[in-house]
Amino acid sequence: MGTVVLDRDDMRRTLVRIAHEIAEKNPDGAVALVGIHRRGAVLARRLQALTSELLEPAVPLGDLDISFYRDDYSIRPSAPVVLATHLEFPVDHRTIVIVDDVLYTGRTVRAAIDEVFDYGRPARVQLAVLVDRGHRELPIRPDYVGKNIPTSQEERVYVCVDEIDGEDEVKIESDLSPTQPPPTPRLA
Amino acid sequence: MSRIGPHLLSIDDLDRASIERILDRAESFDEVSGREIKKVPALRGRTIVNLFYESSTRTSSSFELAAKRLSADVVSIRSQGSSVDKGESLKDTVQTLSAYDPAAIVIRSPYAGAAGLVARWTPAAVINAGDGKHEHPTQALLDVFTLRRRLGALDGTNIWIVGDLLHSRVARSDILAFTRMGATVTVCGPPTLIPREIEALGCRAATTLERLGEADVVYVLRMQQERMRDSFVPSLREYAARYQITPERLLPGQLLMHPGPVNRGVELSGEAIDSPQALIGAQVRAGVAVRMAVLYELLVGSTSLAAVA
């Protein structure tokens, strides 16, 4: 079911490349990684381990639960799992790299930027995504992209990670077959 | 998934999973209160009316702050100085305020059942912030929140609720919430201040502090002198001699709670209030986060659930 576009090795290589790009663009090291729940937070944790080999001192890590900042809470079911935001370092004067799994409309990223600014005034905000699938509805553009995957709006992109799904891969499924609902619906 | 809403009139409206969901949500709102900007846009553009027909400091201020930290617009009305003074009935007041299309009405009233009536007169979500001797569900939720933080879980704990059970809406809500979360509850006080058949709520009753040692948590209620028209106890001195919680009557490790405001030297001695065993300050601090969670789950959680149902 579905087409695998990134397998486990591809994902690892892609994250290593993004980590190098982050280190290259932020030689002063005043950078922090902030992942968007849930899979963005997992990817941010992996990127933190990779960038910390390249930058001194180790890069701080945070995660964001953007539920309270969404623009679609009245039409979207609230998540079954209640999560919280953790930003336990000062964001002032720092480059904040927001990390998410799939970049689609840009609305999630808009909410994440709003939330980061409630913690202080970062020097710069950058965006790292594993997959950019297009169809932006806001003027938002990623600084680091794992893979550009042109999709139609009927297709769905699934990013699976070991920590949550028990496997590392990215696949695309066409949403046209209602007989086989996917196990973990992703509205990315 | 368990349903929360449309109103919160009683702890009976919530099953254990709903209580846990509200408390989990309160944990994430507690984080918001530690930020530089203590505000999230979750209820932006919605109106919340606080209607208080009875004096209150912490409940009204924490509901107001909770609504503001969710970016809602808040109208707070106290009976003193409002058209209630001019003789307007509760029903007319509620219908007038409903014309502003509020998302929620928070009501505190000296009459049991008032919140339930309001819920029939308005399309808004109604939150009971204390109705006479009936219930005070958000107080019970913040008590469970405080205890869960301290103990991890309430399962298997022994909780004694001591004092004026007869006039206490906090006690009714707490008995329901504590037992629902797996605790064993014993109520204790002078026989005149324990309602008959209180065991029907799922607790045991005692009239002396003799076995207080078995408690993990001692929850002390306020002597509600403003509600006592008859003499239920010979004197407050007599009451204090038999039921006041002092450091001497507490074992080390027992936790002490009180919903406030405290009558120092009546139900609690000054030393007990200030002892490290007391969680009274933590209860007050929990108020804002728990009330944010209740507002959020009623106004955001339920619409979302209705949308998928």
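The values are calculated or read from the model by the stated rules, or taken from the named source; none is laboratory data. From a predicted model like this one, the values you see are computed outputs, not experimental measurements. Methodologically, a virtual Cβ is constructed for each residue, glycine included, from the backbone with ideal geometry; neighbour enumeration extends over all protein chains shown.
May I ask you to say which residue of B:Ala66, B:Ala119 is touching a strand residue (DSSP E or B) at 6+ places or on another chain (Cβ under 7 Å) and either part of a loop (DSSP other than H, G, I, E, B) or crowded, with 20+ Cβ neighbours inside 10 Å (or both)?
Numbers: B:Ala66 fails: touching a strand residue (DSSP E or B) at 6+ places or on another chain (Cβ under 7 Å).
Testing whether each residue is touching a strand residue (DSSP E or B) at 6+ places or on another chain (Cβ under 7 Å) and either part of a loop (DSSP other than H, G, I, E, B) or crowded, with 20+ Cβ neighbours inside 10 Å (or both) leaves just B:Ala119.
Specify which of the listed residues (B:Ser98, B:Ser62) is closer than 30 Å to A:Glu115 by Cα and in the same structural domain as B:Met292 (by TED's automatic domain parsing). Even if it seems obvious, please write down each step before you answer.
On the way: B:Ser98 fails: closer than 30 Å to A:Glu115 by Cα.
Only one candidate qualifies: B:Ser62.
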### Task
Could you grab the pairs with beta carbons closer than 6 Å, sequence gap of 6+ or different chains, first residue in segment A:152-165 and in a strand (DSSP E or B), second one at pLDDT 90 or above and of a type in the set (Lys, Arg)?
A:Val157/A:Arg133; A:Tyr158/A:Lys171; A:Val159/A:Arg39
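Going by the conditions given, is B:Ala153 within 29 Å of B:Ala99 (Cα to Cα) and more than 15 Å from the chain's Cα centre (by Cα)? Give the derivation first.
Numbers: within 29 Å of B:Ala99 (Cα to Cα): no; more than 15 Å from the chain's Cα centre (by Cα): yes.
No, not satisfied.
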## Note on the structure
The residue from A:Thr108, A:Thr85 that alone is in contact (Cβ under 8 Å) with a residue 24 or more places away in the chain, more than 10 Å from chain B (Cβ to nearest Cβ) and of a type outside the set (Gly, Ala, Ser) is A:Thr108
### Message
Looking for something in contact (Cβ under 8 Å) with a residue 40 or more places away in the chain, more than 14 Å from every other protein chain (Cβ to nearest Cβ) and crowded, with 19+ Cβ neighbours inside 10 Å - is there at least one such residue anywhere in segment B:14-28?
### Response
yes
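Does any residue of segment A:139-147 turn out to be of a type in the set (Asp, Glu), part of a loop (DSSP other than H, G, I, E, B) and surrounded by 19 or more Cβ atoms within 10 Å (Cβ to Cβ)? Can you show your working first?
Looking only at segment A:139-147, we keep the residues that are of a type in the set (Asp, Glu), and these are A:143.
Right, trim to part of a loop (DSSP other than H, G, I, E, B) and you get A:143.
Checking the rest, the ones that are also surrounded by 19 or more Cβ atoms within 10 Å (Cβ to Cβ) come to none.
For segment A:139-147, residues of a type in the set (Asp, Glu), part of a loop (DSSP other than H, G, I, E, B) and surrounded by 19 or more Cβ atoms within 10 Å (Cβ to Cβ): absent.
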### Query
Yes or no: A:Leu47 at pLDDT 95 or above and either at positive phi or not small (Gly, Ala, Ser) (or both)?
yes
### Message
Regarding segment A:79-92, can at least one residue be identified that is under 13 Å from the mean Cα position of the chain (by Cα) and under 26 Å from B:Val300 (Cβ atoms)?
### Response
no
### Query
Quick check: is even one residue across segment A:104-111 assigned to a helix (DSSP H, G or I) and buried (at least 22 other Cβ atoms within 10 Å of the Cβ)?
yes
### Query
Which residues, counting only those in segment B:235-267, are under 17 Å from B:His167 (Cα atoms) and surrounded by 12 or more Cβ atoms within 10 Å (Cβ to Cβ)?
B:Leu236, B:Tyr239, B:Tyr243, B:His258, B:Pro259, B:Gly260, B:Val262, B:Asn263, B:Val266, B:Glu267
### Query
Tell me, which residue of segment B:273-303 that is surrounded by fewer than 21 Cβ atoms within 10 Å (Cβ to Cβ) and within 10 Å of chain A (Cβ to nearest Cβ) is modelled with the lowest pLDDT?
B:Thr303
### Message
Against the condition buried (at least 17 other Cβ atoms within 10 Å of the Cβ), over 17 Å from the mean Cα position of the chain (by Cα) and away from chain A (no Cβ under 14 Å), how does B:Val74 come out, does it pass?
### Response
yes
### Query
Which of (1) surrounded by 21 or more Cβ atoms within 10 Å (Cβ to Cβ); (2) closer than 27 Å to B:Ser55 by Cβ; (3) outside the structural domain of B:Val49 (by TED's automatic domain parsing) does B:Gly130 not meet, given it meets every other one?
(3)
### Query
For residues in segment B:44-71 being more than 9 Å from chain A (Cβ to nearest Cβ) and hydrophobic (A, V, I, L, M, F, W, C), which is farthest from B:Asn128 (Cα to Cα)?
B:Leu65
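Could you list all residues from segment B:31-54 that are touching a strand residue (DSSP E or B) at 6+ places or on another chain (Cβ under 8 Å) and of a type outside the set (Ser, Thr, Tyr)? Can you show your working first?
Residues of segment B:31-54 touching a strand residue (DSSP E or B) at 6+ places or on another chain (Cβ under 8 Å): B:31, B:45-54.
Residues satisfying the conditions are B:Glu31, B:Gly45, B:Arg46, B:Ile48, B:Val49, B:Asn50, B:Leu51, B:Phe52, B:Glu54.
For B:Ser173, state whether it is among the hydroxyl-bearing types (Ser, Thr, Tyr) and under 17 Å from B:Leu14 (Cα atoms). Spell out the reasoning first.
On the way: among the hydroxyl-bearing types (Ser, Thr, Tyr): yes; under 17 Å from B:Leu14 (Cα atoms): yes.
So B:Ser173 passes the test.
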### Task
Filter segment B:100-147 down to residues that are in contact with a helix residue (DSSP H, G or I) (Cβ under 8 Å, 6 or more places away or on another chain) and charged (D, E, K, R) and give me whichever is nearest to B:Leu176 (Cα to Cα).
B:Glu135
### Task
Select, from A:Ile36, A:Ile22, A:Ile66, A:Ile18, the only residue that is of a type in the set (A, V, I, L, M, F, W, C), crowded, with 18+ Cβ neighbours inside 10 Å, within 14 Å of chain B (Cβ to nearest Cβ) and in contact (Cβ under 8 Å) with a residue 40 or more places away in the chain.
A:Ile66
